[in-house]
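The values are calculated or read from the model by the stated rules, or taken from the named source; none is laboratory data. Since the structure is predicted, the reported quantities are computational estimates derived from the model, not experimental observations. A quick note on method: Cβ atoms are made from the backbone with ideal geometry, for glycine too, and the neighbour counts reach across all protein chains shown. Accessible surface is based on the protein model in full, side chains and every heavy atom, while ligands, DNA and RNA are left aside. Shrake-Rupley method; radii C 1.70, N 1.55, O 1.52, S 1.80 Å.
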Amino acid sequence: MEHAVAVSGEDSSPEQIICSSQLKPSNNTAIKCLKCDKVYIFPNDKDDCLAHLYLEHRLVIADVEDIALLEDYLQYWEKEFQTHEFEQYCTTMFLDQLPDGKYAKNEKYYLLCDILPQDYELRRKLKEKRLSEALERHQFELTDRNFSKECLFCRTIIKGLRADYLDHLFDKHFLLVGKPEKLVYVDELLDHLEENLNRLMCLYCEKIFRDRPTLKEHMRKKGHKRINPNRREYDKYFLINYNGGPTAPTPRKQHHQKRRRETASVSTIADPETGSVDFDKHFARPDSDAEHDSDWSDWATDGEPSSIKCLYCHHLGDNFTLLKEHMHDVHRLDFEKATSSLNFYQRVKVVNYLRRQMCLLRCVTCDLHFDEEELLMEHMAQESHYGIGEKESWDKPEFFFPYIENDGLLCVLDDSGGDDPEVDTVRIISEDSLAQINKDAERLSLENFKL
């Protein structure tokens, strides 16, 4: 979209551009074309502006998607090109075609890239500025206690820290947005998610559904209660995407030659029999040795996750043994005794069945539905319904699949039980059986899926 508004500018250095701009560009920033008087409103008109530069002025900006604060970048070069021609800063290319694709001989185009030291320095400073802004905002969001927002799924209003809001989304609705210490611009991210949910759009696959219950059921069954990591528009909300430092510009030819040399060197050190490479021997860091190896202190011992959630409440056990003691003392359930006759795959089904029932506020034994979690817990305690349910309830193909993402309890289940030959154990799932299971799971729908 083009706007016939003239924007005047004065010559300035990269430092002046960076220091004079606001902390964060607004959602409606007027950006003038680098060579004419047309103005575009960013970020909505970004593609139109870049297309105009190519079609009308034959200018291409290299790696434009990797430029931090593109508005500041364009404003700087707009001031430079007011008094200078493209040839003074850009690489000139001759192609045998017009911008619309038609054949023409020796057509001149211009490439603005970081091979130019001035451009390289500008991109570097913009990255530093963007990182500084993100860190400042991140620190504010971690400590600000004036946050207040209604839950995306229920009517609960969470006040205080943004971390409390994110914990509520995961604990109550199993929606995994991200860890607070790794997120930035959380308010904008939550508003974006809320807008998608109001449009009845799945947060992961972005399909549109006819009503909210169908959307929620889809997200639950498909494991889509998370954002899609492959969508680049979410990159700005994760702090890790701001610390990528710029690399020195390398000509394309030299880059490909370097890749070929690296490939050849790997082939010479590969095992001639297996074709594998001993990476510890050939690619170890120069400053690493047995005494100064990576710090593995944040890994849980014995292969267990750092915490395991109880099957019936929000208690987190430090390990499987403590969790079983909690369930025995608080819920009067001996998990080992209740599942002693089951094999590993049946235990997986039981865990996923119990997870689903508790999330849907249904008793695991009588399937009675409650409106509040407290009433459900009270009922199960009074009726001694803390158990694993009947086999016909959980012995279904859909319970092969985890109900909550990264369920730590599934990681610590062992297959020591169910060794009795009279028990219908399953040691190996053949490819045909697995394919049938997948077909059965796909065939499930809201009409035949008993809630």
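Given the residues ARG145, ARG155, which is the only one that is among the charged types (D, E, K, R), assigned to a loop (DSSP other than H, G, I, E, B) and closer than 30 Å to GLY408 by Cα? Give the derivation first.
Working: ARG145 fails: closer than 30 Å to GLY408 by Cα.
Residue meeting the stated conditions: ARG155.
Would you check if ARG124 is without any contact (Cβ under 8 Å) to a residue 60 or more places away in the chain and either in a loop (DSSP other than H, G, I, E, B) or among the basic types (Lys, Arg) (or both)?
Considered against the rule, which asks whether it is without any contact (Cβ under 8 Å) to a residue 60 or more places away in the chain and either in a loop (DSSP other than H, G, I, E, B) or among the basic types (Lys, Arg) (or both), ARG124 comes out as no.
If the Cβ limit is 6 Å and pairs must be 6+ apart or interchain, which residue in segment 307-318 that is in a strand (DSSP E or B) pairs with which residue that is of a type in the set (A, V, I, L, M) and surrounded by 14 or more Cβ atoms within 10 Å (Cβ to Cβ)?
ILE308/LEU323; ILE308/LEU409; LYS309/LEU316; GLY317/ILE308; GLY317/LEU323
I'd like to know if segment 206-213 contains one or more residues that are in contact (Cβ under 8 Å) with a residue 12 or more places away in the chain and under 27 Å from PHE401 (Cα atoms).
Kept after step one, since they are in contact (Cβ under 8 Å) with a residue 12 or more places away in the chain, are these residues of segment 206-213: 206, 212.
Next, only the ones that are under 27 Å from PHE401 (Cα atoms) stay: 206, 212.
Checking segment 206-213: at least one residue is in contact (Cβ under 8 Å) with a residue 12 or more places away in the chain and under 27 Å from PHE401 (Cα atoms).
Could you check LYS225 against (1) charged (D, E, K, R); (2) modelled with pLDDT under 90; (3) touching an Asp or Glu at 6+ places or on another chain (Cβ under 7 Å) and say which number it fails?
Of the numbered conditions (1) charged (D, E, K, R); (2) modelled with pLDDT under 90; (3) touching an Asp or Glu at 6+ places or on another chain (Cβ under 7 Å), the odd one out for LYS225 is (3).
Kindly indicate whether any position in segment 294-311 is modelled with pLDDT of 90 or more and not aliphatic (A, V, I, L, M).
yes
Can you tell which of ARG155, ARG137 is closer than 28 Å to LYS225 by Cβ, open to solvent by 60 Å² or more (accessible area, probe 1.4 Å), of a type outside the set (Asp, Glu) and in contact (Cβ under 8 Å) with a residue 40 or more places away in the chain?
Unique residue meeting the criteria: ARG137.
Does at least one position in segment 15-31 carry a residue that is modelled with pLDDT of 85 or more and either surrounded by 14 or more Cβ atoms within 10 Å (Cβ to Cβ) or out of contact with any Pro (no Cβ under 8 Å at 6 or more places or on another chain) (or both)? Let's see the steps before the verdict.
Let us first name the residues in segment 15-31 that are modelled with pLDDT of 85 or more, namely 30-31.
Subsequent filtering for residues that are either surrounded by 14 or more Cβ atoms within 10 Å (Cβ to Cβ) or out of contact with any Pro (no Cβ under 8 Å at 6 or more places or on another chain) (or both) retains 30-31.
Yes - at least one qualifying residue is present in segment 15-31.
Among what's in segment 179-218 and is buried (at least 19 other Cβ atoms within 10 Å of the Cβ) and of a type outside the set (A, V, I, L, M), pick the residue that is farthest from CYS359 (Cα to Cα).
It comes out as TYR185.
Can you find even one residue in segment 319-341 that is part of a helix (DSSP H, G or I) and in contact with a Ser or Thr (Cβ under 8 Å, 6 or more places away or on another chain)?
No: zero hits.
Yes or no: ASP144 open to solvent by 40 Å² or more (accessible area, probe 1.4 Å), acidic (Asp, Glu), modelled with pLDDT of 90 or more and within 25 Å of ASP235 (Cβ to Cβ)?
On the way: open to solvent by 40 Å² or more (accessible area, probe 1.4 Å): no; acidic (Asp, Glu): yes; modelled with pLDDT of 90 or more: yes; within 25 Å of ASP235 (Cβ to Cβ): yes.
Considered against the rule, which asks whether it is open to solvent by 40 Å² or more (accessible area, probe 1.4 Å), acidic (Asp, Glu), modelled with pLDDT of 90 or more and within 25 Å of ASP235 (Cβ to Cβ), ASP144 comes out as no.
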